[in-house]
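The values are calculated or read from the model by the stated rules, or taken from the named source; none is laboratory data. Source: prediction; values computed, not measured. Note that each Cβ is placed from the backbone with ideal geometry, even for glycine, and that neighbours are counted across all protein chains shown.
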Amino acid sequence: MRLNLRTKAIAICDEKIAKKGETVGLSFYAFFANKNDDPELLMEAAEWWIKQHKLDHFEKATKIRALIASGK
């Protein structure tokens, strides 16, 4: 996953956790606007989420933040 997407995803996870608590879930769509203005980046996130890590549609933000921060 590209560095700029990693940075953005961690920030979004932090924001969601701060607003809704440690148990908040999210999907990779949370990292993008409601429009598909960068399909390559969206597919990169989807592949990381679905193919590489075999995650469910919604996962705990704390889990996603830890995965991204670990460089996996």
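Considering the range 23-42 alone, what residues qualify as being in a helix (DSSP H, G or I) and either surrounded by fewer than 15 Cβ atoms within 10 Å (Cβ to Cβ) or at positive phi (or both)? Spell out how you get there, then give the answer.
Of the range 23-42, the ones in a helix (DSSP H, G or I) are 28-31, 39-42.
Result: Tyr29, Pro39, Glu40.
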Residue check, Ala45 surrounded by 11 or more Cβ atoms within 10 Å (Cβ to Cβ), in contact (Cβ under 8 Å) with a residue 24 or more places away in the chain and touching a Cys at 6+ places or on another chain (Cβ under 8 Å) | no
Failed item, numbered, when Leu3 is tested on (1) surrounded by fewer than 16 Cβ atoms within 10 Å (Cβ to Cβ); (2) among the hydrophobic types (A, V, I, L, M, F, W, C); (3) touching a Gly at 6+ places or on another chain (Cβ under 8 Å) | (3)
Show the residue pairs that are 6+ apart or on different chains and have beta-carbon atoms under 7 Å apart, the first residue being within the range 7-31 and closer than 15 Å to Trp49 by Cα and hydroxyl-bearing (Ser, Thr, Tyr), the second being assigned to a helix (DSSP H, G or I) and modelled with pLDDT of 95 or more.
-> none
Any residue in the range 51-67 that's assigned to a helix (DSSP H, G or I): show its pairings with residues that are surrounded by 12 or more Cβ atoms within 10 Å (Cβ to Cβ) and of a type in the set (Lys, Arg) at Cβ separation under 6 Å, as long as the two are six or more apart or on different chains.
-> Ala61/Lys16
Every listed condition ((1) touching a helix residue (DSSP H, G or I) at 6+ places or on another chain (Cβ under 7 Å); (2) β-branched (Val, Ile, Thr); (3) more than 15 Å from Ala9 (Cα to Cα)) holds for Thr23 save (1)
Which of the residues belonging to the range 57-72 are of a type outside the set (Lys, Arg) and surrounded by 10 or more Cβ atoms within 10 Å (Cβ to Cβ)?
-> His57, Phe58, Glu59, Ala61, Thr62, Ile64, Ala66, Leu67, Ile68, Ala69
